[in-house]
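The values are calculated or read from the model by the stated rules, or taken from the named source; none is laboratory data. If you're wondering where the values come from, they're calculated on a predicted model, not measured in any experiment. Heads up, the Cβs are rebuilt from the backbone with ideal geometry, glycines too, and the neighbour counts pull from every protein chain shown. The protein model used for the area step is the full one, side chains on, heavy atoms only, and it has no ligands, DNA or RNA in it. Shrake-Rupley method; radii C 1.70, N 1.55, O 1.52, S 1.80 Å.
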There are 2 protein chains.
Amino acid sequence: MPVGTLGTVKALSPDEVVSTRAQILLVNAYHLYLRPGHELVARMGGIHRFMDWPGPILSDSGGFQVFSLARLGKVDDSGVRFRSHIDGSEHFYTPELAMEVQRALGVDIAMPLDHVLPGESAAGPARDAAERTLRWYERCRVAAEGLTTFAIVQGGVHAELRQWHARQLAALDAPGYSIGGLSVGESKEDMWAMTAVVTAELPVDRPRYLMGVGSPEDLVDAVGRGVDMFDCVLPTRLGRNGSLFTDDGRANVRNARFREDPGPIDAACDCIMCTRFSLAYVHHLFRNDELLGYRLASIHNIRYLLRLTERMRAAIRAGTFAEFSEEFLGRYRPADEATRSEQKAKWLEQSGFEAPAPG
Amino acid sequence: MPVGTLGTVKALSPDEVVSTRAQILLVNAYHLYLRPGHELVARMGGIHRFMDWPGPILSDSGGFQVFSLARLGKVDDSGVRFRSHIDGSEHFYTPELAMEVQRALGVDIAMPLDHVLPGESAAGPARDAAERTLRWYERCRVAAEGLTTFAIVQGGVHAELRQWHARQLAALDAPGYSIGGLSVGESKEDMWAMTAVVTAELPVDRPRYLMGVGSPEDLVDAVGRGVDMFDCVLPTRLGRNGSLFTDDGRANVRNARFREDPGPIDAACDCIMCTRFSLAYVHHLFRNDELLGYRLASIHNIRYLLRLTERMRAAIRAGTFAEFSEEFLGRYRPADEATRSEQKAKWLEQSGFEAPAPG
């Protein structure tokens, strides 16, 4: 799912997102609750009409935002008190309010309010948060009557806790399952171990959604562990920085080697950038900070990830996913640029707190 | 003509410019000569292919840029020596080089190199510059063999000089005539007086192009004085600041009064912004600095000006232009915001030296 935190996939029009063949996109309830306000969106005809998106929309409840980046963040079972990152105003967010917001937006798939902890939290706090998330989910189900609402599995990096939480939620027959609290600072080893523990417990006939992931290599690794859905700011965020996904890893179109390249970055790609413009032109746009460059690169990266899911789907159907995965991961070179500061920037934007354009 | 100085109309895709029904757009030879280089553009298949624009393209020669904003700017009859605004490198620009650059770009309409002076220059320097522009035009015609090249009328704010220059050029049977050296700091009275003096001398069966103009009210005033063609950064520049053209004047969509407005800024407008999005949504985009807002407002403003030309054309055909002009100018309130600093900013961007996005 391309990420449209505030009701717009950064830099892109709805038509351009359609051109990537995205089937669904994500918006964020916390952000839209604060601005422009969920009731205003409802009065404007709902989020689909507001942003003129013709397909389904999934909303994150804002649990991640409320706990990770809003100020204050005082939590008890009744809900969480926080200060707006925009104007410092105080708000009390509850499971019921999270559902009310998402109902007003009119989304197709809602998320319950969950208690999100930092990646490497100790077992005690992780258990408290997971138990609270379970109690909150029960309240969300009541409040969400008639609204398709996934359950979110928490439990930090603690395998037994993850397993217990997944089993509890699996028994509640949710229409879909999210895996939360990963890709938030823990190690890759922990992330994949937890993913495997959780997916083993979830019903096979319900979609599994790994929240906030990811990069091409992460998508392949996650699908291999039974994940079906993803959302990530990475394709649009990297796109605005000129970084393009290819099967060999990322390539930055600002690099001088593209200055006079008449071809596309990927001859197999059917995106607008690859079929209509030379790398020389996109390089020229980036060298001059022209907004069209951000757009074309964002389109390519989203389309790249969606083509990757198409290729994985075909491999699964053909019974050749293991070979596909091995070949893909053997060839793909993860970016050296994926430094700590880049991780932090990605994490900030995943929360929707980042400025829309670089430079 | 929407302005695509560097081979892209700021913030917009070719398809979006097509959606405004623009029939032709402008690029700048000076800028493309410096970056990425006209020879590179030629090797990439020419400017149409490079930027994937399906219609005609007119290029400014860069005379305005070379004289107004590049450093050094030492001129004699052989040409003008200047330093690049990008890297300080020294260049010698001649009438012949200006035509070579535009031929390499492969534009449909080229401009000769002209000697441009500040708006209120005295009669002596203005005469020297006009005479040089005439001599250069003769050289450009030779160098431009086979390339459609307009003549450019100079002469500052001196009526007799303008008249003399226009007559000299009219006798040379150019395929079209540009009026240069206006809208560069002189008074509106001088601008319109000079325009009327010049158009009276030009052949009626050749297009007259008032360079660097303009606002809605300027277009109506100029058409009333016999002008046919315009280029200006104003629609896209103002669009990126949230300022929208309407028949009543400009309205800034950031204004709180649009916060919950479900309608378009102009019910008669058929642009993408007015037909698909509420003002409330565009307001929301601007409040959050989302790039889609810049795009939608730019599209609306370009379409507004093109609709204005359609309305003027219809009025001319119906023999009712005088009434249309009176009614339009009676209703349209020119912006109070058109301050000196805004003029300067517009002038800077008209030269292509401004950053692409606000904030």
Mind listing whichever residues of the range A:279-293 are facing chain B (nearest Cβ under 7 Å) and within 26 Å of the chain's Cα centre (by Cα)? A:L291, A:L292
Take A:G88 and decide whether it is modelled with pLDDT under 95, under 19 Å from the mean Cα position of the chain (by Cα) and more than 14 Å from chain B (Cβ to nearest Cβ). no
All conditions in (1) open to solvent by 10 Å² or more (accessible area, probe 1.4 Å); (2) closer than 17 Å to A:M211 by Cα are true of A:R162 except (1)
Could you please tell me which pairs satisfy a Cβ distance under 6 Å, a separation of 6+ or placement on different chains, a first residue in the range B:167-181 that is in a helix (DSSP H, G or I), and a second residue that is surrounded by fewer than 17 Cβ atoms within 10 Å (Cβ to Cβ)? B:A170/B:P203
Suppose we keep only residues that are out of contact with any Lys or Arg (no Cβ under 6 Å at 6 or more places or on another chain) and within 14 Å of A:A110 (Cα to Cα) within the range A:165-178. Which one would you say is most open to solvent (accessible area, probe 1.4 Å)? A:P175
Restricting the search to the range B:47-69, which residues are open to solvent by 10 Å² or more (accessible area, probe 1.4 Å) and in contact (Cβ under 8 Å) with a residue 60 or more places away in the chain? B:D60, B:F64, B:S68, B:L69
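State yes or no: is A:L113 under 10 Å from A:G155 (Cα atoms) and either among the β-branched types (V, I, T) or not in a helix (DSSP H, G or I) (or both)? I'd like the intermediate steps shown before the answer.
Values: under 10 Å from A:G155 (Cα atoms): no; either among the β-branched types (V, I, T) or not in a helix (DSSP H, G or I) (or both): yes.
When the stated conditions are applied, A:L113 does not pass them.
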Per-region count, the range B:202-260, residues open to solvent by 10 Å² or more (accessible area, probe 1.4 Å), under 29 Å from A:L32 (Cβ atoms) and in a loop (DSSP other than H, G, I, E, B): 5
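Kindly provide the set of residues from the range B:14-29 that are open to solvent by less than 40 Å² (accessible area, probe 1.4 Å) and part of a helix (DSSP H, G or I), ordered by number.
Start the filter on the range B:14-29 by keeping residues that are open to solvent by less than 40 Å² (accessible area, probe 1.4 Å), which leaves B:14, B:16-17, B:20, B:22, B:24-29.
Passing the criteria: B:P14, B:E16, B:V17, B:A29.
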Of those in the range B:267-307 that are in contact with a strand residue (DSSP E or B) (Cβ under 8 Å, 6 or more places away or on another chain) and of a type in the set (A, V, I, L, M, F, W, C), the residue surrounded by the most Cβ atoms within 10 Å (Cβ to Cβ) is B:A297
Which of (1) touching a residue at least 40 places away in the same chain (Cβ under 8 Å); (2) surrounded by fewer than 20 Cβ atoms within 10 Å (Cβ to Cβ); (3) more than 14 Å from chain A (Cβ to nearest Cβ); (4) of a type in the set (D, E, K, R) does B:R317 not meet, given it meets every other one? (1)
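Consider the range A:151-188. How many of its residues are of a type in the set (S, T, Y) and more than 19 Å from A:G226 (Cα to Cα)? Reasoning before the result, please.
Of the residues in the range A:151-188, the ones of a type in the set (S, T, Y) are A:177-178, A:183, A:187.
Now drop any that are not more than 19 Å from A:G226 (Cα to Cα), which leaves A:187.
Selection size over the range A:151-188: 1.
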Conditions: (1) part of a loop (DSSP other than H, G, I, E, B); (2) free of Cβ contacts under 8 Å to residues at least 40 places away in the same chain; (3) hydrophobic (A, V, I, L, M, F, W, C). A:A11 meets all but one. Number of the miss? (2)
By residue number, the members of the range A:77-91 that are within 26 Å of A:V142 (Cβ to Cβ), touching a helix residue (DSSP H, G or I) at 6+ places or on another chain (Cβ under 9 Å) and open to solvent by 10 Å² or more (accessible area, probe 1.4 Å) are A:D77, A:H91
Can you tell me which residues in the range B:294-331 are more than 21 Å from the chain's Cα centre (by Cα) and of a type in the set (S, T, Y)? B:T320, B:S325
Which of the numbered conditions does A:T94 fail, given that it passes all the others? Conditions: (1) buried (at least 21 other Cβ atoms within 10 Å of the Cβ); (2) modelled with pLDDT of 95 or more; (3) polar (S, T, N, Q). (1)
Residue tally, condition under 21 Å from B:V9 (Cβ atoms) and of a type in the set (D, E, K, R), over the range A:242-295: 5
Do we find that A:L147 is modelled with pLDDT of 95 or more, buried (at least 23 other Cβ atoms within 10 Å of the Cβ) and within 21 Å of the chain's Cα centre (by Cα) in this structure? no
Could you please tell me which pairs satisfy a Cβ distance under 9 Å, a separation of 6+ or placement on different chains, a first residue in the range A:93-109 that is farther than 20 Å from A:T133 by Cα, and a second residue that is open to solvent by less than 10 Å² (accessible area, probe 1.4 Å) and of a type in the set (S, T, N, Q)? A:L105/A:S59; A:V107/A:S59; A:D108/A:S59
Selection from the range B:129-144 of residues that are closer than 24 Å to B:K188 by Cα and either touching a Ser or Thr at 6+ places or on another chain (Cβ under 9 Å) or surrounded by fewer than 24 Cβ atoms within 10 Å (Cβ to Cβ) (or both): B:A129
Going by the conditions given, is A:V197 within 14 Å of chain B (Cβ to nearest Cβ) and either crowded, with 23+ Cβ neighbours inside 10 Å or touching a residue at least 12 places away in the same chain (Cβ under 8 Å) (or both)? no
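Would you be able to tell me the number of residues in the range B:30-64 that are in a helix (DSSP H, G or I), within 21 Å of B:P235 (Cα to Cα) and away from chain A (no Cβ under 12 Å)? If you could, list the steps in order and put the result at the bottom.
Applying the first criterion (in a helix (DSSP H, G or I)) to the range B:30-64 yields B:30-34, B:38-43, B:47-51, B:63-64.
Then drop every residue that is not within 21 Å of B:P235 (Cα to Cα), which leaves B:31, B:51, B:64.
From what's left, away from chain A (no Cβ under 12 Å): B:64.
Within the range B:30-64, residues that are in a helix (DSSP H, G or I), within 21 Å of B:P235 (Cα to Cα) and away from chain A (no Cβ under 12 Å) number 1.
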All-but-one check, A:G155 against (1) within 25 Å of A:D218 (Cβ to Cβ); (2) not in a loop (DSSP other than H, G, I, E, B), failing number (2)
